[in-house]
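In what follows, a structure is listed as structure tokens, so that the remarks can point back to it.
The values are calculated or read from the model by the stated rules, or taken from the named source; none is laboratory data. Source: prediction; values computed, not measured. Quick reminder, even Gly has a Cβ in these numbers, built from the backbone with ideal geometry, and neighbours come from all protein chains shown. Note: areas computed on protein heavy atoms with side chains; ligands, DNA, RNA excluded. Shrake-Rupley method; radii C 1.70, N 1.55, O 1.52, S 1.80 Å.
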Amino acid sequence: MPTELTWLGHSAFRVETPGSKRIYVDPFLTGNPKTPDSERAPERCDLILLTHGHGDHLGDTVALHRRFGCPVVAQVELRGWLTGNGVADDGSAHSINKGGTIAVEDVRVTLTHGNHSSSVPDGTYAGESCGFVLELEDGFTIYFAGDTNVFGDMSLIGRIYQPDVAVLPIGDHFTMGPREAAVALELLGVVRCVPCHWGTFPLLTGTPEALRELAPPGAEILAPEPGETISF
């Protein structure tokens, strides 16, 4: 089975793994103006991964966990808040911090650096915003940068984890825009990029077209419509 990556609008994604796991990343579904109606009520969820606690990323996490009982992996402070709000944790096994790697069955998740902020909707501090590297059962690797600017140590992420595809924010204002994302691709050494965190709200002015004009030679900018799936 190929890896399937479905953009659900903003920074929300669904990953279908070669081992038939369904993973939701930053599942902002309810209230997301770009999420198709057909995608707002998942029929299955095996794992949730969160980059940080802002409401447009935390989204439907608690509701999905209550419905499916799926593990939720997040940075330690955010994971502690989730535990206190009814998201079960197996002895803190799903709490993680930058540089740490955990395995959820045959899927490996490594938390990486990100430059942003993090708090949950009630104002509670939620640690630092992060990115993560997701290594699937067959070794296919996706780098989700989360909300961030470009930073020089992206070159280390590329060197150490050699991601097959990078998911980068490009909207500007709250994250990097296309100009910075083009440099991020150069630092990462990744030839395939799926842009996110764009087009949701008027403030987010960056576009995939602008990124294509600036991207390093040979870089492939894959820009699905919300609800559209890319197979790798």
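Observations on the structure shown:
- Computed from Cα positions, the angle between helix 178-188 and the longest principal axis of the chain comes to roughly 80 degrees.
- Annotation: the chain has a Kirkwood hydrodynamic radius of 17.3 angstrom, from the mean reciprocal C-alpha pair distance.
- Backbone amide hydrogens, once placed in the peptide plane, bring Asn149 within less than 5 Å of Asn115, Met176, excluding anything fewer than 5 places away on its chain.
- Of all DSSP beta bridges in region 1-137, antiparallel share, percent nearest 5: 75 percent
- Amide H contacts of Glu220 (H built 1.01 Å from N, in plane; Pro and chain starts excluded): Arg192, Cys193 sit under 5 Å, all sequence-distant by 5 or more or on other chains.
- Between Arg66 and Leu214, the contour length at 0.36 nm per residue exceeds the Cα-Cα span by 49.0 nm.
- Within the chain, the longest run free of GluC sites (Glu not before Pro) that sit in a DSSP loop with at most 14 other Cβ atoms within 10 Å is 106-227.
- Asn149/Val191 FRET efficiency (R0 22 Å; Cβ-Cβ; nearest 0.05): 0.50
- Working from Cα pairs under 8 Å separated by at least six residues, relative contact order for region 62-164 is 20 percent.
- Estimated from helices alone, the mean residue ellipticity of the chain at 222 nm is -5500 deg cm²/dmol (sum of -39500 (n - 2.57) over DSSP H runs with n ≥ 4, per residue).
- Overall, the accessible surface of region 18-114 at a probe of 1.4 angstrom is composed of carbon and sulfur to the extent of 46 percent.
- Under Karplus coefficients 6.51, -1.76 and 1.60, residue-wise ³J(HN,Hα) of region 126-138 in Hz, glycine/proline x: 10, x, 9, 5, 9, x, 7, 9, 10, 9, 8, 4, 9
- Accessible surface calculations at 1.4 Å, restricted to protein heavy atoms, place the chain at 41 Å² per residue.
- Tensor-based shape of region 108-232 (alpha-carbon gyration tensor, a/c under 1.5 rounded, otherwise prolate or oblate): rounded
- For the chain, the relative contact order works out to 18 percent when only alpha carbon pairs closer than 8 Å and six or more residues apart are counted.
- In plain terms, the chain is cut at each of the trypsin sites (Lys or Arg not before Pro) found in a DSSP loop with at most 14 other Cβ atoms within 10 Å, and the longest leftover piece is 45-232.
- The C-alpha radius of gyration of region 1-114, expressed as a fraction of 2.2 N^0.38 Å, stands at 1.00.
- Long-range amide H partners of Thr112 with built H, under 5 Å: Gly99, Gly131, Phe132, Val133
- 3J(HN,Hα) from dihedral phi, region 199-213, Karplus parametrisation 6.51/-1.76/1.60, rounded to Hz, x for glycine, proline: x, 6, 10, x, 5, 8, 9, x, 9, x, 4, 5, 5, 4, 5
- Separation of the Ala103 and Thr229 label points, Cα + 7 Å toward Cβ, nm: 2.7 nm
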